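These notes concern the structure reproduced below.
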Amino acid sequence: MKIIFIRHGLTSGNLEKRYIGRTDEPLCAEGVKRLKSVLVPACGRVYSSPMKRCLQTAAILFPDKTIEVINDLRECDFGDFENKTAGEMSEDKAYRAWVGANCETPIPNGENVTAFKARVCASFLSAGLSGTTAFILHGGCVMAILERFAAPKRGFYEWHINNGEFILCDYENGVITCS
């Protein structure tokens, strides 16, 4: 079966390079404009994060489809880093320590990265997969799923895709292969 992983369109926070996890911001005008030129393959089912930016992306790309929301496909809660840029936190010791640990240590007042990845992967497995299925997600969610299930194995950050881009994959026997 085929799976299409789509990262939501641009938001103002993305343009400003902010950590946008639990912040429920909509797409910006540029994000809407760019999505209108994206051609994704046809699919049977469409799953989405509950966040506005994902739901708007789904509505633009699949206007005739029913969008099925999976609450646990939301982005990581960045806690104290939420809605801030790396530049704004350049002197923050906790932020520097987190980045120095490849962003794998607990986020102050945020979500544990290991728990985030487990939540997202469990949610992916809970979806009804058949035929071609699309997932409109956040960058971290796409990377978490592919890091765990894709073959050959690649690191989390190696699966990064830009806003409004997609990856078409095959899924068979619990293994994802991407073209």
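For the chain, taking a cut-off of 4.7 Å between Cβ atoms, the unpaired cysteines are Cys28, Cys43, Cys54, Cys76, Cys103, Cys121, Cys141. Computed from phi, the 3J(HN,Hα) profile of segment 46-56 under the Karplus parametrisation 6.51, -1.76, 1.60 (θ = phi - 60°) reads 10, 10, 9, 4, x, 6, 3, 4, 6, 5, 5 Hz, with x in place of Gly and Pro.
Using the scaling law 2.2 N^0.38 Å as the reference, what is the normalised Cα Rg of segment 19-116? Scaled against compact globular proteins, the figure is 1.30.
Given that compact globular proteins tend to follow 2.2 N^0.38 Å, what is the ratio of the alpha-carbon Rg of segment 85-179 to that value? Mind showing how you got there, number by number?
Values: Rg = 15.2 Å, N = 95, 2.2 N^0.38 = 12.4 Å.
Cα Rg divided by the expected 2.2 N^0.38 Å: 1.23.
Considering only Gly110, Gly164, Gly128, the mean-square fluctuation computed in a Gaussian network model of the chain, springs between alpha carbons under 10 angstrom, is largest for Gly128.
The HN-Hα couplings worked out from phi for segment 91-102 by the Karplus form 6.51 cos²θ - 1.76 cosθ + 1.60 (θ = phi - 60°) are 9, 7, 4, 5, 5, 4, 5, 4, 5, x, 9, 6 Hz, whole numbers, x standing for Gly and Pro.
Once the other residues with Cβ under 9 Å from the Cβ of Lys52 are scored (Lys, Arg +1; Asp, Glu -1), what is the net sum? Before the final figure, lay out the partial values.
Working: positive: Arg53; negative: Asp24, Glu25.
Residues near Lys52 contribute -1 overall.
Note on the chain: antiparallel DSSP beta bridges, both residues inside, total approximately 45 percent of the bridges counted.
Placing unit charges on C-beta atoms (Lys and Arg positive, Asp and Glu negative, everything else neutral), compute the dipole magnitude of the chain about its Cα centre in debye, rounded to 20. If you can, show how the numbers build up before the last one.
Working: 21 positive and 21 negative charges, 71 e Å.
For the chain, the charge dipole is close to 340 debye.
Net charge near Asn102, counting Lys/Arg +1 and Asp/Glu -1 over other residues with Cβ under 13 Å of its Cβ?
Working: positive: Arg96; negative: Glu104, Glu147, Glu158.
Summing Lys/Arg as +1 and Asp/Glu as -1 gives -2.
Tell me the net charge near Arg148. Cut-off is 14 Å between Cβ atoms, Arg148 excluded, with +1 for each Lys or Arg and -1 for each Asp or Glu.
Working: positive: Lys117, Arg119, Lys153, Arg154; negative: Glu147, Glu158.
Surrounding charge for Arg148 is +2.
Take the alpha carbon gyration tensor of segment 14-59, find the square roots of its eigenvalues, order them as a ≥ b ≥ c, and report rounded if a/c is under 1.5; if not, report prolate when a/b exceeds b/c, else oblate.
Working: a/c = 2.57, a/b = 1.39, b/c = 1.85.
Cα axes put segment 14-59 in the oblate bin.
In this structure, the residue pairs whose Cα-Cα separation is over 22 Å, taken from Lys33/Lys65; Lys36/Lys153; Lys52/Lys84; Lys2/Lys65; Lys84/Lys153, are Lys36/Lys153; Lys84/Lys153. Here's how it looks for Lys84: its modeled amide H is under 5 Å from those of Tyr19, which are all 5 or more places away or on a different chain.
Charged side chains reduced to their Cβ positions (Lys and Arg at +1, Asp and Glu at -1) give segment 88-134 a dipole of some 200 debye around its Cα centre.
Read-outs: derived from the displayed coordinates by stated rules, not from any lab. Bear in mind that the values here come from a model prediction, so they are computed numbers and not experimental data. Cβ: placed from backbone, ideal geometry, glycine included. Neighbour counts: every protein chain shown.
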